[in-house]
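Okay, structure first, notes after.
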Amino acid sequence: MKAIVKLLLILSVLLFSQNGHSEEITECDTKVCKQRFKDFKKYARKDIPQATEVLGTFYYKGYGIEKNHSKARRYFLNSAKYGSPTAQFKLGLMYLNGEGGNVEVKKGINWLEWAAKNDVTAANYFLGLFYIDGKLIDKDYKKGKTYLEAASNEDYHKAQFVLAKYYELEENNQEKAVEYYKKSAYFVEESNLRLISLGIKLPQTDPNLSIERIEVKSESLNDMFDELLAALRYIPAPGKPTGSNVVGMGCRNQDSNCGFIVDPTEIERFIRDMQWQFSDPTLTQAMRPVDL
């Protein structure tokens, strides 16, 4: 059990913390990186979901192996079936973007819904956008609001901004719009600008107060790899998921070791990595107030 807890703590940093003291996994073709790839592939062959997600990331980034988004998608699928929320989210966006294969909207939305159920706040945000936008899937304002409110309740500030625009433009509810603009104004510049244009000033904050930053002096990437590999030695291969038609539940129905920690920084980094192809539609013209 100690090995399992240690594994989860390592994964929460490794996959792939944006903390300034940690190294980022980037494209690499050195002998060391190639050996790391081989080390993790040994465990990925056993379908250990934490290892398959790492290997998917290696293929996605080109770490120790030539970039191959098709194989990355395949490994993310394997990990997602066993319940990894971050793999479910990444797989959903890859399906929707056609990255590593054909665009498959139904599968993409399905995996985002699984990720949302498994506490990936960004999944609620994207689902809300897609239902309100109505380009990828049928427009459904009720569902869109529900997903965006779920993200907003977790202080996902982009969701608060989109909700503000929705209330202003679609429901003509200025009071509700202002409420959400205020919630996101210190984090989303467009919210602050909109409040200014409406003649609403935000209260000044104490200059001595700042956003809380938790700094962790992490080990080097190689040290973290060593610890993760050491922990993986104690992780038995999980049983098969509960049937090919019931995804995302492989670890839910077993007294097994498939616990996962959702790392918001990893989610945001993946969104950032995809943005050159997958545009975050937060600021689409269709949702922008005409005078903003």
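Please treat every number below as a calculation from the coordinates, not as lab data. This one's a predicted model, so the numbers in the text were calculated from it and none came from an experiment. All Cβ positions, glycine included, derive from the backbone under ideal geometry; neighbour counts span all protein chains shown.
Packing-based ranking of 71-77, 88-94 yields 88-94, 71-77, ordered from highest to lowest mean Cβ neighbour count within 10 Å. Structural descriptor for segment 23-86: relative contact order 35 percent, calculated from alpha carbon pairs under 8 angstrom and at least 6 residues apart.
Taking Lys and Arg as +1 and Asp and Glu as -1, the other residues whose beta-carbon sits under 14 Å from that of Gln35 total +3.
Here the calculated FRET efficiency for Lys34 and Lys135, from their Cβ-Cβ distance with R0 = 51 Å, stands at 0.80, rounded to the nearest 0.05.
Per-residue packing, averaged as other Cβ atoms within 10 Å, sorts the ranges 101-114, 156-169 into the order 156-169, 101-114, beginning with the highest.
Among 186-196, 121-131, 58-68, the peptide with the highest mean count of other Cβ atoms within 10 Å heads the list, and the full ranking is 121-131, 58-68, 186-196. Size check on segment 80-174: the Cα extents along the three principal axes, sorted descending, read 43, 26, 17 Å. The Cβ shell under 12 Å around Ala150 holds other residues with a net charge of -2, Lys and Arg each +1, Asp and Glu each -1. A straight chain from Glu24 to Leu169 at 0.36 nm per residue would run longer than the Cα-Cα distance by 48.2 nm.
For Cys28, the residues whose amide H sits under 5 Å from its own are Tyr63, Gly64, Ile65, ignoring neighbours fewer than 5 places away on the same chain, with H placed 1.01 Å from N.
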